[in-house]
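The values are calculated or read from the model by the stated rules, or taken from the named source; none is laboratory data. Note that the structure is predicted; figures quoted are calculated from it, not measured. Every residue, glycine among them, receives a Cβ derived from its backbone with ideal geometry; neighbour counts consider all protein chains shown.
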Amino acid sequence: MQSDELEESGKKHYRAVFLSDIHLGARGCQAERLVAFLKAHTCDQLYLVGDIIDGWRLRSSFYWPQSHNNAVRRILTLVKRGTRLTYVTGNHDEFLRRYSELVLGNISLVDRAVHETADGRRLLVVHGDQFDVVTRYHRWIAFLGDIGYNLLLRLNRYLNWLRRKFGYGYWSLSAWIKHRVKQAVNYASDYERAVSHECRRRGFDGVICGHIHRAEIRDIDGIRYMNCGDWVESCTALVEDQNGVFRLIDRSRNNPVVHVAPVANLRRAG
C-alpha cells in the first residue's frame, strides 16, 4: 500500500519506526498504548531496540496477559504486510543473543544494526547496555536497581489510580524521582556521552538507542543522539519520515505530543 493511501485510511506511514524498552512480561508494560500506536502507524522498517521481552521479570514471576499477546500479534501483522523488522537485543532479553544474526523472512535478530537515513547518513542502532558500567561490571547492582524500579512502578499504579479518582491525569512518580536525583542525572549524562563517543570513534553520524528509559533527541559534540524512550512510563516512539526528518511521538497522554528534529543537522561522518 502506498503512503498516500495509508494517509487516507487514517494511518500515518513512516520510513522507519524505532521502539525500545517495551518490557513485555512486566506488569509495568503499557501494552494497550503500544497496540493503539501500532494500529495508527505503519512503516517500511521497524526497529525493536532492545528490552522488548523482559526476561528478568519472567524468570522471577511469570506474567503474560492478553494485551501482551496483542502487542506481539500487532507487530507480526505489520511484518506480514511487508514491514521489515530488525530486533536489536538488550540486556533484559539477552537470552536471545545466542541467536544473533538469525534471519527469518522479513525478521532479523541482531545485537546492533546500522540504519541509513533518507539522505544517506549512517546511524548506529544499539540498545545501549554495552555502555552502562553498572550493567556490564556490577550486575548484582543492576538487578537490585531493577527491583527498586519495579517497586516504584507499582507505587505509580496505586498513585495514579487515586489521581484518576479525583480527575487528574497520569503522572510518573518514578520519572519524577529519577529526574531529580543528582546521581541518576549524572548516570544518564555519562551514558549519553559514552554512546556518542563510540559513534564518533567508529565513524557514525549518530546513534539510536534505548536502555535508560529517557526519550531525547539532541546533538552531543557533533553526534546526533536519539533515545527511543520506553513503553513503561514515557510511551514514546522515534520515527523517520520519507524526507529524513526524525520525530519523537509521545503516547503517554490522550493527545500525542510530537517533538521534531531534522536529520539535516547531523554531521556527516568522514
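Of note:
- Filter result for Val35 (touching a Ser or Thr at 6+ places or on another chain (Cβ under 9 Å) and touching a residue at least 60 places away in the same chain (Cβ under 8 Å)): no
- Tally, over the range 218-256, of residues that are over 20 Å from Thr86 (Cβ atoms) and touching a Leu at 6+ places or on another chain (Cβ under 7 Å): 1
- Wholly enclosed helices (runs of 4 or more DSSP H) of the range 1-119 bearing at least 1 residues crowded, with 17+ Cβ neighbours inside 10 Å, touching a Gly at 6+ places or on another chain (Cβ under 8 Å) and among the basic types (Lys, Arg): 55-60
- Residues in the range 191-227 that are more than 20 Å from Gly90 (Cβ to Cβ) and small (Gly, Ala, Ser) were compared, and the one that is surrounded by the fewest Cβ atoms within 10 Å (Cβ to Cβ) is Gly203.
- Ser20 vs. criteria under 22 Å from Ile249 (Cα atoms), at pLDDT 95 or above and small (Gly, Ala, Ser): yes
- One residue from Ala261, Ala237 being assigned to a strand (DSSP E or B), within 22 Å of Arg193 (Cα to Cα), of a type in the set (A, V, I, L, M) and at pLDDT 95 or above: Ala237
- Close pairs (8 angstrom Cβ cut-off, 6 or more residues apart or separate chains): within 14 Å of Gly50 (Cα to Cα) in the range 219-230, among the hydrophobic types (A, V, I, L, M, F, W, C) and in a loop (DSSP other than H, G, I, E, B) anywhere: Asn227/Ile212; Asn227/Ala215; Cys228/Ala215; Gly229/Ala215; Gly229/Cys235; Asp230/Ile22; Asp230/Ala215
- Among the candidates Tyr191, Tyr187, the residue that is in a helix (DSSP H, G or I), within 21 Å of the chain's Cα centre (by Cα), at pLDDT below 90 and closer than 29 Å to Asp119 by Cα is uniquely Tyr191.
- Inter-residue pairs, beta-carbon under 7 Å, first hydroxyl-bearing (Ser, Thr, Tyr) and in the range 38-62, second assigned to a helix (DSSP H, G or I), 6+ apart: Thr42/Leu6; Thr42/Leu78
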